[in-house]
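**Q** Take a look at this one; I'll ask things after.
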Amino acid sequence: MHFTTIARRGLMLVLSSPSGAGKTTLSRRLLAEDEGLVMSVSATTRKPRPGEIDGRDYLFVDEPRFVQMIGEGAFLEHAKVFGNYYGTPRSFVESELSIGRDVLFDIDWQGTQQLAQAMGEDLVRVFILPPSMQELAERLRKRAQDSAAVVQMRMSKAADELSHWAEYDYVFVNDDVEVSLARLKAILLAERLKRFRQHGLTQFVRHLLEGH
Ligand SMILES: Nc1ncnc2c1ncn2[C@@H]1O[C@H](COP(=O)(O)OP(=O)(O)OP(=O)(O)O)[C@@H](O)[C@H]1O
Ligand SMILES: Nc1nc2c(ncn2[C@@H]2O[C@H](COP(=O)(O)O)[C@@H](O)[C@H]2O)c(=O)[nH]1
């Protein structure tokens, strides 16, 4: 079966949530199952967790280098989260969007606000809620990649992140990974079909009207 391709600009799919609600888990699954989507790999001054790979999970940099990158205008947005700096490298995102590829972001509410200012309608914002605060704490504890003190600090900041849920276009509870994944796929499909993203439509319809 041949599928007609209509040229369009890529979109920016942003996932935010309190720490531990499931963004990384859902991002990995979505990326594995959707060829048109690429991950924006953030720079951070946080130390790598066991198993995290430089360049795949984050660009791990020290604070002087992060500050230098800010000065060079290398970030589309940046913020301090849980005591560390995080930022979205600009050049990768801009080049991917221009060739019609969609970019996935796992960033906090501060970064989302900055991207909304800078990128407008390119942005599709999804907020992921945990089923309960008890379950959130349990997920952070079971992930077993942060110290008890770090888990406690992240739980103490959860209410702050949660308070921004109404700034997002789509909101759902991540009870079951498969159901959440299906919801993200549905959002992505509908957003890809938005008329204003498909700049190739004018030419395509003109061709149709010419009898092709
Ligand atoms: N729907 C789910 N049901 C049960 N456990 C889940 C679910 N989604 C994610 N988890 C588990 O919860 C833990 C935290 O998930 P994950 O690391 O994806 O969260 P996160 O939102 O990316 O956190 P952070 O903001 O700290 O990076 C992981 O151990 C993951 O396996
Ligand atoms: N504003 C930004 N926030 C980011 C970015 N990359 C990640 N994050 C958010 O930080 C916290 C903690 O992440 P973790 O990997 O240390 O658990 C989480 O809320 C991420 O969404 C970024 O580039 N900009």
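The values are calculated or read from the model by the stated rules, or taken from the named source; none is laboratory data. What you see is a predicted model, and the numbers here were worked out from it, not measured in a lab. Every residue, glycine among them, receives a Cβ derived from its backbone with ideal geometry; neighbour counts consider all protein chains shown. Protein only, heavy atoms only, side chains kept; ligands, DNA and RNA dropped before computing areas. Shrake-Rupley method; radii C 1.70, N 1.55, O 1.52, S 1.80 Å.
**Q** Take the alpha carbon atoms of the chain, find their radius of gyration, then divide it by 2.2 N^0.38 Å using N residues; give the quotient. Can you show the working numbers first?
**A** Values: Rg = 18.6 Å, N = 212, 2.2 N^0.38 = 16.8 Å.
Here the Cα radius of gyration is 1.10 times the empirical estimate.
**Q** Then there is this: Can you list the equivalent-ellipsoid semi-axes of the stretch 115-170, largest first and in whole Å, using the square root of 5 times each Cα gyration tensor eigenvalue?
**A** Over the Cα atoms of the stretch 115-170, the semi-axes work out to 27, 12, 10 Å.
**Q** Roll a 1.4 angstrom probe over the protein heavy atoms and tell me the percent of accessible area of the chain that is carbon or sulfur.
**A** Carbon and sulfur: 55 percent of the exposed surface of the chain.
**Q** For the stretch 1-124, what is Rg from Cα atoms divided by 2.2 N^0.38 Å, rounded to two decimals?
**A** In units of the 2.2 N^0.38 Å rule of thumb, it is 1.09.
**Q** Something else: Is there a pair in LYS47/LYS185; LYS23/LYS80; LYS23/LYS194; LYS80/LYS157 whose C-alpha atoms are over 20 Å apart, and which pairs would that be?
**A** LYS47/LYS185; LYS23/LYS194
**Q** Name the most mobile residue of ALA79, ALA43, ALA149, meaning the one with the largest mean-square fluctuation, in a Gaussian network model of the chain with Cα contacts below 10 Å.
**A** Residue with maximal mean-square fluctuation among ALA79, ALA43, ALA149: ALA149.
**Q** Let me ask something else. Treat every Asp and Glu Cβ in the chain as -1 and every Lys and Arg Cβ as +1, leave all other atoms uncharged, and give the resulting dipole magnitude about the Cα centre to the nearest 20 debye.
**A** It works out to roughly 120 debye.
**Q** Among 116-125, 198-207, how do they line up by average Cβ neighbours within 10 Å per residue, starting with the highest?
**A** 116-125, 198-207
**Q** Ok, one more. Charges on Cβ only, +1 for Lys and Arg, -1 for Asp and Glu, centred on the Cα centroid of the stretch 81-212; of LEU189, ALA158, MET133, which one is farthest towards the dipole's positive end?
**A** Going by the Cα projections, it comes out as LEU189.
**Q** Just want the answer: with Cβ charges of +1 for Lys and Arg and -1 for Asp and Glu, which residue in PHE172, GLY83, HIS2 is farthest toward the dipole's positive end in the chain?
**A** Farthest towards the positive end: HIS2.
**Q** Nothing charged except the Cβ atoms of Lys and Arg (+1) and of Asp and Glu (-1): what's the magnitude of the dipole of the stretch 80-138 about its Cα centre? Round to the nearest 20 debye.
**A** Details: 4 positive and 9 negative charges, 42 e Å.
In total the dipole reaches around 200 debye.
**Q** Also, quick follow-up: In nanometres, what is the gap between the two model label sites at ARG206 and ALA144, each 7 Å from Cα along Cα-to-Cβ?
**A** 6.1
**Q** Quick one: what are the phi-derived ³J(HN,Hα) couplings along the stretch 140-156, Karplus 6.51/-1.76/1.60 with θ = phi - 60°, whole Hz, x for glycine and proline?
**A** 5, 5, 5, 4, 6, 10, 10, 5, 4, 5, 5, 4, 5, 5, 5, 5, 5
**Q** Here's another thing I want to ask about it. At a threshold of 8 angstrom on Cα-Cα distance, excluding pairs fewer than six apart, so keeping six or more, what relative contact order does the chain reach in percent?
**A** Working: 296 pairs, mean separation 70.0, N = 212.
Once divided by the residue count of the chain, the mean separation gives 33 percent.
**Q** Placing unit charges on C-beta atoms (Lys and Arg positive, Asp and Glu negative, everything else neutral), compute the dipole magnitude of the stretch 105-212 about its Cα centre in debye, rounded to 20.
**A** It comes to approximately 240 debye.
**Q** Can you list the HN-Hα couplings for the stretch 131-137, worked out from phi with the Karplus curve (6.51, -1.76, 1.60; θ = phi - 60°), rounded to whole Hz and with x for Gly and Pro?
**A** So the Karplus estimates, Gly and Pro as x, are x, 7, 5, 4, 5, 4, 4 Hz.
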